[in-house]
Amino acid sequence: MRGTIRLKTGDITKEPACAIVNAANSSLMGGGGVDGAIHRAGGPKILEETKKIRETRYPDGLPTGEAIATTAGNLPAKYVIHTVGPIYRLCDGSCPDLLAAAYRNSLRVAYDLGCRDIVFPAISTGIYGYPKEEAARIAKSTVEAFIQKHPMDVTFIFHNPQDMALFQKATEENH
Ligand code: AR6
């Protein structure tokens, strides 16, 4: 059986999913946007774990498109999957592949941890400046391809109804 894809509005830090995804940066040391919200609500445990991952596995930082997992501290989720989306003004022709890799690797890490549900924010579309329509199409098609082979329930969460409507419209036009 295939998984499902749904859209909702809300705050990702409130989601009681097996995995929520953090739109992080290579340093894994926190930041603004979703990243800031997750570390604020989740408490210091998450940062302790990302620091260890930096020391042991990624001394030069997590490359764009890769993903790693930590536990979720005080959050209702079980795991936080930290990924790094591309910075739009720096990625040129590789932007779509890097954004797709961020989604695909997050799904794979969560799936390998045994998660069958996951919540994504709109990676790269905030501070990293990725055009929202194009990002929506890449997000949806990457998730669809993955869940064909690895059934999971995937939720895209948006901070406001406008962003959700935009995602819906951009991905409907695709079909
Ligand atoms: N719940 C759901 N969505 C949210 C939340 C939330 N609590 N907060 C923001 N969004 P961004 P990026 C939406 O900027 O573009 C950080 O500093 C937001 O409206 O969080 O990948 C990192 O450390 C937007 O649509 O992520 C990096 O340096 C989307 O989530 C950099 O920002 C993503 O916006 C990453 O930038």
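Observations, loosely collected:
- Restricting attention to the chain, lysine pairs at least eight places apart or on different chains and with alpha-carbon atoms under 13 angstrom apart total 5.
- Pair T71, R89: separation of 7 Å Cα→Cβ label points (nm): 4.0 nm
- Among A136, A145, A17, the largest mean-square fluctuation in a Gaussian network model of the chain, built with springs joining Cα atoms closer than 10 Å, belongs to A145.
- Between 0 and 90°, nearest 10: helix 95-112 axis offset from the chain longest Cα axis: 60 degrees
- Note on the chain: GNM, Cα springs under 10 Å; of V21, V143, V84, the largest mean-square fluctuation is that of V143.
- In the context of the full set of protein chains, the chain has a per residue accessible area of 48 Å² (1.4 Å probe).
- Global geometry of the chain, whether rounded, prolate or oblate, following the gyration tensor of its Cα atoms and the 1.5 cut on a/c: rounded
- Note on T4/R40: beta-carbon distance plugged into 1/(1 + (r/R0)^6) with R0 of 22 Å gives a FRET efficiency of 0.15.
- Calculated diffusion of the stretch 50-105, Stokes-Einstein form, Kirkwood radius summed over Cα pairs, 20 °C and 1.002 mPa s, µm²/s: 174 µm²/s
- Sum of side-chain charges, D97 neighbourhood, beta-carbon under 15 Å (Lys, Arg +1; Asp, Glu -1): -1
- J(HN,Hα) series, the stretch 11-17, from Karplus relation 6.51 cos²θ - 1.76 cosθ + 1.60, nearest Hz, glycine and proline x: 10, 4, 5, 9, 7, x, 8
- Top positive-direction residue, dipole computed over the stretch 4-172 with Cβ charges, set I138, A100, T13: T13
- For the chain, with all protein chains in place and a probe radius of 1.4 Å, 52% of the accessible heavy-atom surface sits on carbon or sulfur.
The values are calculated or read from the model by the stated rules, or taken from the named source; none is laboratory data. As the structure is a computational prediction, the values presented were derived from the model and not from experiment. Reconstructed Cβ throughout: ideal geometry from the backbone, glycine too, with neighbour counts over all protein chains shown. Side chains included, ligands, DNA and RNA excluded: accessible areas come from the protein's heavy atoms. Shrake-Rupley method; radii C 1.70, N 1.55, O 1.52, S 1.80 Å.
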